[in-house]
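Written below as structure tokens is the structure these notes are about.
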Ligand SMILES: Cc1cc2nc3c(=O)[nH]c(=O)nc-3n(C[C@H](O)[C@H](O)[C@H](O)COP(=O)(O)OP(=O)(O)OC[C@H]3O[C@@H](n4cnc5c(N)ncnc54)[C@H](O)[C@@H]3O)c2cc1C
Ligand code: SF4
Ligand code: FES
């Protein structure tokens with residue numbers, strides 16, 4: 001298989017403009033003859049559905065929640081980047097491009113990233129026009145902040161609810177097209193298979209989550225905007241329903257899965273409090289602007305704290321280890337996410353962690369409050385402090401917050417070319433569900449940007465180019481390809497229901513999550529990964545013998561929903577492990593202990609691994625086949641990241 | 001901690017439904033309310049009983065999906081939080097907790113505690129947007145918006161569409177939800193243009209969905225997890241009346 005990235009010719013800054021000029025157009029009168037399926041109504045899916053419908057295509061939009069407005073994008077807090085340079089602090093499209101490439105540890109495509117930076121400016125215009133109430137300065141102009149260690153202020157935000165406001169904007173545009181009759185909505189409907197006719201994606205099979213009805217939908221193209229798969233770890237900051245199913249089923253129909261091992265672990269989450277925990281809550285990264293990260297200097301002190309014999313406030317200055325400030329004097333508490341996360345793990349592994357579990361470090365606002373006063377700190381972080389207090393019952397104004405890293409975002413996903421098309425004709429992947437723009441590590445506030453860039457400004461052009469070459473004829477859902485796909489979906493469901501074992505789906509999910517976290521999480525070793533692979537295979541075999549799924553298909557059945565998702569996670573998990581094992585280097589979110597510099601920093605191997613690893617499904621229980629897309633850097637020089 | 005849980009069980013929309021009581025032991029005060037139900041569900045599954053169905057997703061108070069009526073109050077006893085953010089430390093050990101779905105004819109029960117809130121989506125489809133196509137928009141800083149206005153619009157925009165306002169209202173009125181969206185958009189210059197028409201269309205759809213009338217008791221705002229203010233309703237009435245007058249000629 002030849003992986004063609006389809007990057008347009010010409011200088012970097014002109015590629016997208018040229019490409020837009022060169023794409024084939026569909027005559028306005030003919031657009032209504034094409035149907036497009038969009039799976040997902042998050043930022044990526046809602047924006048794509050709205051824009052495609054505005055152009056005149058007939059769109060069917062699907063989500064598993066009860067309303068499109070509830071997609072996981074709603075939970076994003078911090079903000080969205082755009083190279084507007086409103087602050088006149090030296091930002092530019094090129095700088096955003098450069099920061100994203102560098103932040104991604106040189107594992108993403110230059111042309112894609114440049115386009116992302118280029119259209120970022122239009123996103124903000126679009127959102128403001130929709131009535132998104134971004135934060136503003138007293139003069140009435142838009143406010144910005146610097147985010148995630150960026151040297152410029154390019155992040156637009158709406159208090160701590162940026163994702164919510166952007167999604168509601170996209171949802172409103174989508175709703176308008178529903179009213180116009182151009183979008184048909186399918187909430188509480190889950191895609192369970194991709195349907196291929198003559199080698200092209202021509203539809204999907206879905207299950208109505210309330211009635212259990214299995215249905216087919218036919219179209220001329222299918223867009224997956226189904227989000228990330230961080231829930232393979234069970235505990236993550238993702239919403240409970242986030243899953244890999246849509247992408248994974250497409251993978252099994254031939255779409256390549258790229259860089260699945262690249263996972264972003266966010267350093268500032270509320271630590272796990274017990275076995276019952278169902279998800280982890282992210283605390284905005286902005287807290288690191290004023291909070292100081294520390295652990296007790298010695299194991300003995302940490303133990304006393306864990307046993308509640310002493311209180312952290314009682315520790316003197318020289319009993320505290322502000323390890324980030326000591327180790328990285330230039331960046332201090334603001335080192336990138338992966339560095340901050342890994343170092344928290346190290347100090348906890350040394351036995352210096354706090355909280356009863358020993359898996360937490362302090363984020364202390366004492367000095368900031370002494371310096372700026374409680375009111376100022378409350379003004380900046382009040383809602384976060386309240387949330388922390390609500391969840392933990394502890395008061396961060398009076399005692400240090402406790403934080404621990406948690407799985408947050410998956411940079412891997414379906415392989416797509418410059419047009420956001422997978423290797424399967426007619427199948428597109430956007431937003432977090434594709435692998436494209438963030439390389440091995442995503443910068444803060446760039447996922448929202450990517451989702452909306454893909455949906456509002458990229459896909460409407462590139463999908464038009466594809467459809468212009470397609471015939472108008474629709475394929476009926478009585479076509480045998482649909483019947484076959486429906487049959488296999490039903491068989492899979494029947495199988496899950498017939499096992500009638502003894503262990504609940506959640507138990508399997510928790511066990512899988514633990515294996516993934518222990519061996520394929522913040523730091524990885526060949527030995528650990530090999531062990532994990534065996535464990536996941538065993539767990540999967542056991543799942544198909546012993547899982548307990550009650551009830552029937554013909555009803556609202558939450559265990560069945562979860563079982564079908566966990567079955568896919570059990571396969572996806574193994575591929576993540578294979579990918580992590582094969583990548584003999586450390587880069588971004590992928591840290592292999594065997595590959596570090598003498599100072600303990602990630603050591604890339606550009607010679608051998610400057611490529612996208614795209615995996616091909618070859619059959620049940622068969623090893624997947626690796627394809628490589630070599631990354632070519634013509635505009636940036638590869639350097640080792642250093643935050644010392 | 002130990003609890004007596006009186007939970008509404010209803011197999012589907014056709015089923016009549018009834019309360020069923022469960023005893024649950026070993027609950028930690030750090031658990032969220034939904035995690036407590038997770039524990040109950042694991043025990044039910046173990047006994048081959050159908051787990052309690054409920055809507056939830058983000059579990060951090062922002063998606064608006066969770067919707068439980070707990071001890072006679074939407075989202076339970078605590079102000080300003082959703083069910084997923086409510087923790088068991090807010091309850092007394094040994095307490096009996098009554099859990100029901102939202103009750104409103106515009107929100108039919110789907111199963112157990114899950115209801116159908118698609119009426120809200122249809123109200124938004126009726127006009128809860130600015131009519132702007134993708135692309136071709138002016139530069140974002142072209143129209144300055146005073147910070148106070150932007151902040152106030154944000155306060156209205158923060159509604160999560162959970163429906164607690166409807167559940168709290170004895171008339172099952174959706175005024176708070178609808179007025180929050182109308183207010184947000186009519187305060188901003190981008191949305192003002194269509195303000196009057198929007199108000200008319202959204203109110204008409206709200207009526208068509210079978211939500212009740214507003215009798216100004218304020219229960220909605222008191223129970224709203226996002227603190228959406230009653231002033232939104234006044235603002236909506238102004239928009240709506242303005243529209244009525246405007247439409248007479
Ligand atoms: C707590 C948190 C905070 C974050 N903060 C930020 C931030 O400040 N800035 C930033 O840039 N990024 C942030 N991110 C990341 C960002 O929110 C996500 O990457 C982004 O929103 C993903 O958008 P999406 O449209 O690709 O997918 P999602 O929003 O996850 O949407 C997925 C959609 O697909 C649907 N779906 C999935 N599977 C199926 C199926 N099988 N059938 C039918 N429908 C399906 C779902 O119903 C949903 O509608 C944050 C993430 C988290 C977890
Ligand atoms: S107004 Fe408040 S209670 Fe009503 S839907 Fe919005 S957030 Fe929920
Ligand atoms: S589950 Fe999202 S608000 Fe409660």
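Taking every alpha-carbon pair under 8 Å whose residues sit at least 6 apart, segment A:403-511 reaches a relative contact order of 19 percent.
As an exercise, use a Förster radius of 22 Å and the Cβ-Cβ distance of residue A:625 and residue A:537 to find the FRET efficiency, rounded to the nearest 0.05. The computed FRET efficiency comes out at 0.75. Which residues in segment A:395-416 place their backbone N less than 13 Å from a point set 7 Å from the Cα of residue A:311 along the Cα-to-Cβ direction? Zone members listed by number: A:395-400. Rounded, prolate or oblate, given the Cα gyration tensor of segment A:437-585, with a/c below 1.5 counting as rounded? Verdict is oblate for segment A:437-585.
Taking the longest Cα principal axis of chain B as reference, the axis of helix B:147-157 is set at about 50 degrees. For chain A, what does the helix formula give at 222 nm: sum of -39500 (n - 2.57) over DSSP H segments with n ≥ 4, over the residue count, nearest 500 deg cm²/dmol? So the helix-based figure for chain A works out to -11500 deg cm²/dmol.
Quote the FRET efficiency, to the nearest 0.05, computed for residue B:103 versus residue B:4 with a Förster distance R0 of 22 Å and r equal to the Cβ-Cβ distance. According to the calculation, E is roughly 0.55. With both labels modelled 7 Å from their Cα along Cα-to-Cβ, the residue A:397 to residue A:608 distance reads 5.6 nm. This ranking places A:524, A:306 by how few other beta-carbon atoms lie within 10 Å of each, fewest first, which gives A:306, A:524. Compared with the dominant principal axis of the Cα atoms in chain A, helix A:162-179 is inclined by about 20°. Between residue B:47 and residue B:231, residue separation times 0.36 nm minus the direct Cα-Cα distance comes to 61.3 nm. Under the shape rule built on the C-alpha gyration tensor, where the axes satisfy a ≥ b ≥ c, segment A:510-581 is prolate, since a/c reaches at least 1.5 and a/b is greater than b/c. Ranked by how many other Cβ atoms sit within 10 Å of their own Cβ, fewest first, the residues B:68, B:187, B:175 fall in the order B:187, B:175, B:68.
Remark: relative contact order (chain A) = 20 percent; criterion is Cα-Cα distance under 8 angstrom and separation of 6 or more residues. Modelled label positions at residue A:272 and residue A:208, each set 7 Å beyond Cα in the direction of Cβ, lie 4.0 nm from each other. Summary of the geometry: segment A:30-61 and segment B:195-249, compared by the centres of their Cα atoms, lie 31 Å apart.
Translational diffusion coefficient of chain B (Stokes-Einstein, Kirkwood radius from Cα pairs, 37 °C, 0.692 mPa s): 168 µm²/s. Of the residues A:347, A:361, the one with the fewest other Cβ atoms within 10 Å heads the list, and the complete ranking is A:347, A:361.
Secondary structure note: in chain A, about 65% of the DSSP beta bridges are antiparallel. Taking every DSSP helix (H) stretch of at least 4 residues in chain B, weighting each as -39,500 (n - 2.57) and dividing the sum by the residue count yields a mean residue ellipticity at 222 nm of -10500 deg cm²/dmol. Does the protein assembly as shown come out rounded, prolate or oblate, given a ≥ b ≥ c as the square roots of the eigenvalues of its C-alpha gyration tensor, rounded meaning a/c under 1.5 and, failing that, prolate meaning a/b above b/c? The shape class here is rounded. Across chain B, C-alpha contacts under 8 Å between residues 6 or more apart give a mean separation that, scaled by the residue count, equals a relative contact order of 19 percent.
Every number in this text was worked out from the coordinates using simple rules, so none of it is lab data. Treat the numbers as computed from the prediction; the structure is a model and nothing was measured. So basically every Cβ, Gly included, is an ideal-geometry build from the backbone, and we count neighbours across all protein chains shown.
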